[in-house]
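A.B. asks: The structure under discussion is supplied below as structure tokens; questions concerning it will follow.
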Amino acid sequence: MKATDLSKPAGFARQIKAVLVSLLILGGLSAAQAAQDQGGLIAQGKYLAEIGDCVACHTPQGGRELSGGLPFETPFGIVYSTNITSDKETGIGYYSYRDFYRAMHEGISPNGNLYPAMPYTSYHLLTDADTRALYAYFMNTKPIRQENKASEISFPFNIRMGLKAWNMMNHEDSEFIANPAKSDSWNRGSYLVNVLGHCGECHTPRNTTFAMKPEAHFQGAVLDTFEASNITPQELNRQNWTHEDLKQLFTKGYSRKGTVFGGMYPVVYHSYSHLTEQDMRAVTSYLLDNEADIEELPLAFNGHDKDAPGYNIYMGYCAGCHGQDGEGRPNVAPALAGNATLDRSSVFNAVSLLLNGIVSQHYNSTTSFYAMPGYAEKFDDQQLTDLVNYMRITWTGQKADIRVTEVNDIRTNMKQALH
Ligand code: HEC
Ligand code: HEC
Ligand code: HEC
């Protein structure tokens, strides 16, 4: 190391000045760099929050974004989502990074264990870098002052300690492990779907303690009035979903295979419609378990059988919106030919939507769908069975083998779901 020559005060002063100037430049630069990095981190966190769909659950009906208070029915009673804006008293503005990490990974907030209505059971696989980006974003959201609502959980489940036991049995904080046999894109898709997208929270059936069954990943589960369909690669490929079909579904809420409705609508509206082009391909590659392009086969229309019992009902009540040959009408009603809701072994959604109808759904300034009326009062179980069987043989490769007892079971189930 070169000693500073104190015998040359002028040179020394110059040197000091040079050091100070460079420190100033460096300091200035690094502050600017840090601000830029922080800006980048917040933007990244905002994107991750969209893909994680925090808004869907943490925003009350007609209320302010992320201010909490949306009710969640659990088998034990009602839990309300909380205010996760940066407000320091009623939101999470007071959280340290450690607090945030624990809430996302372990389901533990500074106030105690969280009910698994908050999907930390999926988010726990978030990388540390992504958790940090989310934290940066949430500490910079607009603060909204709104007190949280107390949950209405019945004894003994209101004891948050009980959740500790649940966590010990059903939950372990671990890291996302990439599958080395698959590509980076496939693994990125798996991360976006299983971790942030928490798709399994609806699409994977649960065991007796309400934990997702790993062995039945994505095989479908009845939620309330609708079933989150089987979305295994086997089923999606059997239905001939292409990358483009899934992309259309996730960006616009409909594709040639039909529309989304029920619990799937907010997923599209708030979350997956924001996926970047590259992430969308990663997601579709993962869901289809195929990165190559898929050939689009023609949609099924097997011709009308005028003697089949459902024919007249279809023509009388449905053809006006869905078309004589089930071809659909733009901005009115989707096509039924090759429709994914009809082309599956489970008729739960087909029957349920005929009973309850579908509320009108809006996506953006150019895309929205009319509401579909419900026919619970109009048709008895036999008529519904005839109609569903008619749609199956006319527009899918499924058989007309639905029995009236199955339809009756779904109607009974529905009455219970709606009390
Ligand atoms: C499926 C619904 C759902 C989604 C999606 C969801 N949350 Fe939650 N979250 C909840 C519920 C319900 C609670 C309250 C649980 C309780 O009181 O035990 C909660 C609680 C929290 C808490 C604890 C807040 C506190 O008051 O201490 C944090 C932090 C949180 N969520 C962050 C997030 C973030 C970040 C996202 C998106 C990446 C997200 N949540 C997505 C339902 C959800
Ligand atoms: C007023 C117009 C209208 C009538 C009448 C109508 N539907 Fe619909 N139907 C719709 C709309 C709109 C949707 C999609 C709603 C959405 O997802 O936003 C739909 C969805 C469906 C779906 C699910 C397909 C999908 O991909 O969303 C099926 C199956 C269906 N209708 C069958 C029928 C049958 C059977 C009848 C007659 C009993 C009928 N509809 C009568 C408008 C109508
Ligand atoms: C809140 C519950 C919920 C979550 C979370 C959810 N889904 Fe769904 N999903 C549903 C329901 C209910 C249906 C059936 C209604 C329909 O077809 O839109 C469905 C249907 C689907 C369909 C089939 C659509 C069709 O036309 O047959 C696909 C594909 C799908 N979901 C993918 C996903 C992916 C990927 C995610 C994660 C980003 C996800 N879902 C998260 C509830 C959910």
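A.B. asks: Is it fair to say E147 is outside any helix (DSSP H, G or I) and either touching a helix residue (DSSP H, G or I) at 6+ places or on another chain (Cβ under 8 Å) or open to solvent by 70 Å² or more (accessible area, probe 1.4 Å) (or both)?
C.D. replies: Values: outside any helix (DSSP H, G or I): yes; either touching a helix residue (DSSP H, G or I) at 6+ places or on another chain (Cβ under 8 Å) or open to solvent by 70 Å² or more (accessible area, probe 1.4 Å) (or both): yes.
Yes, satisfied.
A.B. asks: Let me ask something additional. Does the stretch 357-365 contain at least one residue that is more than 23 Å from L223 (Cα to Cα), polar (S, T, N, Q) and exposed (fewer than 12 other Cβ atoms within 10 Å of the Cβ)?
C.D. replies: yes
A.B. asks: Out of the residues in the stretch 53-94 meeting the condition of being outside any loop (DSSP other than H, G, I, E, B) and of a type in the set (V, I, T), tell me which one is least open to solvent (accessible area, probe 1.4 Å).
C.D. replies: Start the filter on the stretch 53-94 by keeping residues that are outside any loop (DSSP other than H, G, I, E, B), which leaves 54-58, 71-74, 77-80.
Filter once more, keeping what is of a type in the set (V, I, T): 55, 74, 78-79.
Working: V55: 32, T74: 33, I78: 48, V79: 14 Å².
Applying the filter and picking the extreme gives V79.
A.B. asks: Another question, if that's okay. Would it be correct to say that E152 is surrounded by fewer than 21 Cβ atoms within 10 Å (Cβ to Cβ), more than 16 Å from ligand 3 (Cβ to nearest atom), under 21 Å from the mean Cα position of the chain (by Cα) and at pLDDT below 95? Before the answer, list the steps.
C.D. replies: Numbers: surrounded by fewer than 21 Cβ atoms within 10 Å (Cβ to Cβ): yes; more than 16 Å from ligand 3 (Cβ to nearest atom): yes; under 21 Å from the mean Cα position of the chain (by Cα): no; at pLDDT below 95: yes.
So E152 fails the test.
A.B. asks: Name the residues in the stretch 218-247 that are of a type in the set (G, A, S) and more than 16 Å from ligand 1 (Cβ to nearest atom), would you?
C.D. replies: Let us first name the residues in the stretch 218-247 that are of a type in the set (G, A, S), namely 220-221, 228-229.
Within the stretch 218-247, G220, S229 meet the criteria.
A.B. asks: Would you confirm, using the coordinates I've provided, whether I84 is under 24 Å from K164 (Cβ atoms), hydrophobic (A, V, I, L, M, F, W, C) and touching a Ser or Thr at 6+ places or on another chain (Cβ under 7 Å)? Walk me through it before giving the result.
C.D. replies: Values: under 24 Å from K164 (Cβ atoms): yes; hydrophobic (A, V, I, L, M, F, W, C): yes; touching a Ser or Thr at 6+ places or on another chain (Cβ under 7 Å): no.
Here the answer is no, as I84 does not meet what is asked.
A.B. asks: I'd like the residue in the stretch 62-90 that is more than 20 Å from the chain's Cα centre (by Cα) and of a type in the set (A, V, I, L, M, F, W, C) and, out of all such residues, is nearest to S271 (Cα to Cα).
C.D. replies: For the stretch 62-90, the residue satisfying everything is I78.
A.B. asks: Could you tell me whether any residue of the stretch 126-133 is part of a loop (DSSP other than H, G, I, E, B), out of contact with any Cys (no Cβ under 7 Å at 6 or more places or on another chain) and under 20 Å from L41 (Cα atoms)? Quick ask: steps written out before the conclusion?
C.D. replies: From the stretch 126-133, those part of a loop (DSSP other than H, G, I, E, B) are 126-127; that's our starting set.
Okay, now just the ones that are also out of contact with any Cys (no Cβ under 7 Å at 6 or more places or on another chain), so 126-127.
With under 20 Å from L41 (Cα atoms) added as a condition, the list becomes 126-127.
Within the stretch 126-133, one or more residues are part of a loop (DSSP other than H, G, I, E, B), out of contact with any Cys (no Cβ under 7 Å at 6 or more places or on another chain) and under 20 Å from L41 (Cα atoms).
A.B. asks: Would you check if Y286 is outside any loop (DSSP other than H, G, I, E, B) and at pLDDT below 95? It would help to see each step written out before you state the result.
C.D. replies: Values: outside any loop (DSSP other than H, G, I, E, B): yes; at pLDDT below 95: no.
It is false that Y286 is outside any loop (DSSP other than H, G, I, E, B) and at pLDDT below 95.
A.B. asks: If you go through the stretch 245-264 one residue at a time, do you hit one that is small (G, A, S), within 16 Å of ligand 2 (Cβ to nearest atom), in a helix (DSSP H, G or I) and open to solvent by 30 Å² or more (accessible area, probe 1.4 Å)? Walk me through how you get there before you give the answer.
C.D. replies: Filtering the stretch 245-264 for residues small (G, A, S) gives 253, 255, 258, 262-263.
In the following step, the residues that additionally are within 16 Å of ligand 2 (Cβ to nearest atom) were identified as 253, 255, 258, 262-263.
In the following step, the residues that additionally are in a helix (DSSP H, G or I) were identified as none.
Within the stretch 245-264, not a single residue is small (G, A, S), within 16 Å of ligand 2 (Cβ to nearest atom), in a helix (DSSP H, G or I) and open to solvent by 30 Å² or more (accessible area, probe 1.4 Å).
A.B. asks: Next question. Look at the stretch 187-222 and say how many of its residues are in a strand (DSSP E or B) and under 19 Å from W166 (Cα atoms).
C.D. replies: 2
A.B. asks: Answer yes if at least one residue in the stretch 403-412 is under 27 Å from Y272 (Cβ atoms) and not in a loop (DSSP other than H, G, I, E, B), and no otherwise.
C.D. replies: Applying the first criterion (under 27 Å from Y272 (Cβ atoms)) to the stretch 403-412 yields none.
Checked against the condition, which is being under 27 Å from Y272 (Cβ atoms) and not in a loop (DSSP other than H, G, I, E, B), the stretch 403-412 yields no hits at all.
A.B. asks: So, one more: Please go through the stretch 391-412 and pick out each residue that is in contact with a Ser or Thr (Cβ under 7 Å, 6 or more places away or on another chain) and crowded, with 19+ Cβ neighbours inside 10 Å.
C.D. replies: I402, V407, I410 - these are the residues of the stretch 391-412 that are in contact with a Ser or Thr (Cβ under 7 Å, 6 or more places away or on another chain) and crowded, with 19+ Cβ neighbours inside 10 Å.
A.B. asks: Does at least one position in the stretch 111-123 carry a residue that is surrounded by fewer than 21 Cβ atoms within 10 Å (Cβ to Cβ), over 26 Å from M212 (Cβ atoms), in contact (Cβ under 8 Å) with a residue 40 or more places away in the chain and away from ligand 2 (no atom under 16 Å from the Cβ)?
C.D. replies: There is no residue in the stretch 111-123 that is surrounded by fewer than 21 Cβ atoms within 10 Å (Cβ to Cβ), over 26 Å from M212 (Cβ atoms), in contact (Cβ under 8 Å) with a residue 40 or more places away in the chain and away from ligand 2 (no atom under 16 Å from the Cβ).
A.B. asks: Cβ-Cβ distance below 9 Å, separation of 6 or more or different chains: which pairs start in the stretch 155-172 with a residue that is at pLDDT 70 or above and end on one that is assigned to a loop (DSSP other than H, G, I, E, B) and open to solvent by 80 Å² or more (accessible area, probe 1.4 Å)?
C.D. replies: Going by the 9 Å Cβ cut-off, the qualifying pairs are L163/F157; W166/F210; N170/F210.
A.B. asks: Scan the stretch 168-200 for residues that are touching a strand residue (DSSP E or B) at 6+ places or on another chain (Cβ under 6 Å) and under 16 Å from T276 (Cα atoms) and report the count. It would help to see each step written out before you state the result.
C.D. replies: Filtering the stretch 168-200 down to residues touching a strand residue (DSSP E or B) at 6+ places or on another chain (Cβ under 6 Å) leaves 200.
Then keep just the ones that are under 16 Å from T276 (Cα atoms); that gives none.
Final tally of qualifying residues: 0.
A.B. asks: How about the stretch 199-227: which of its residues are crowded, with 20+ Cβ neighbours inside 10 Å and touching a Phe, Trp or Tyr at 6+ places or on another chain (Cβ under 9 Å)?
C.D. replies: C199, G200, H203, T204, G220, F226, E227
A.B. asks: Another one. Being within 10 Å of ligand 1 (Cβ to nearest atom) and over 13 Å from T90 (Cβ atoms) is the filter here; which residues of the stretch 60-77 pass it?
C.D. replies: L70, P71, F72, T74
A.B. asks: Separate question: Kindly indicate whether any position in the stretch 320-329 is hydrophobic (A, V, I, L, M, F, W, C) and open to solvent by less than 20 Å² (accessible area, probe 1.4 Å). Outline the logic, then answer.
C.D. replies: In the first step, residues of the stretch 320-329 are kept if they are hydrophobic (A, V, I, L, M, F, W, C); the result is 321.
Right, trim to open to solvent by less than 20 Å² (accessible area, probe 1.4 Å) and you get none.
Looking for residues that are hydrophobic (A, V, I, L, M, F, W, C) and open to solvent by less than 20 Å² (accessible area, probe 1.4 Å), one finds none in the stretch 320-329, hence no.
A.B. asks: Determine if the stretch 168-189 includes at least one residue that is more than 18 Å from I51 (Cβ to Cβ) and open to solvent by less than 20 Å² (accessible area, probe 1.4 Å).
C.D. replies: Looking through the stretch 168-189, none of the residues is more than 18 Å from I51 (Cβ to Cβ) and open to solvent by less than 20 Å² (accessible area, probe 1.4 Å).
The values are calculated or read from the model by the stated rules, or taken from the named source; none is laboratory data. Quantities reported herein were computed from a predicted structural model and do not represent experimental measurements. Reconstructed Cβ throughout: ideal geometry from the backbone, glycine too, with neighbour counts over all protein chains shown. Each accessible area value is taken on the protein alone, full model and side chains, heavy atoms only, with ligands, DNA and RNA left out. Shrake-Rupley method; radii C 1.70, N 1.55, O 1.52, S 1.80 Å.
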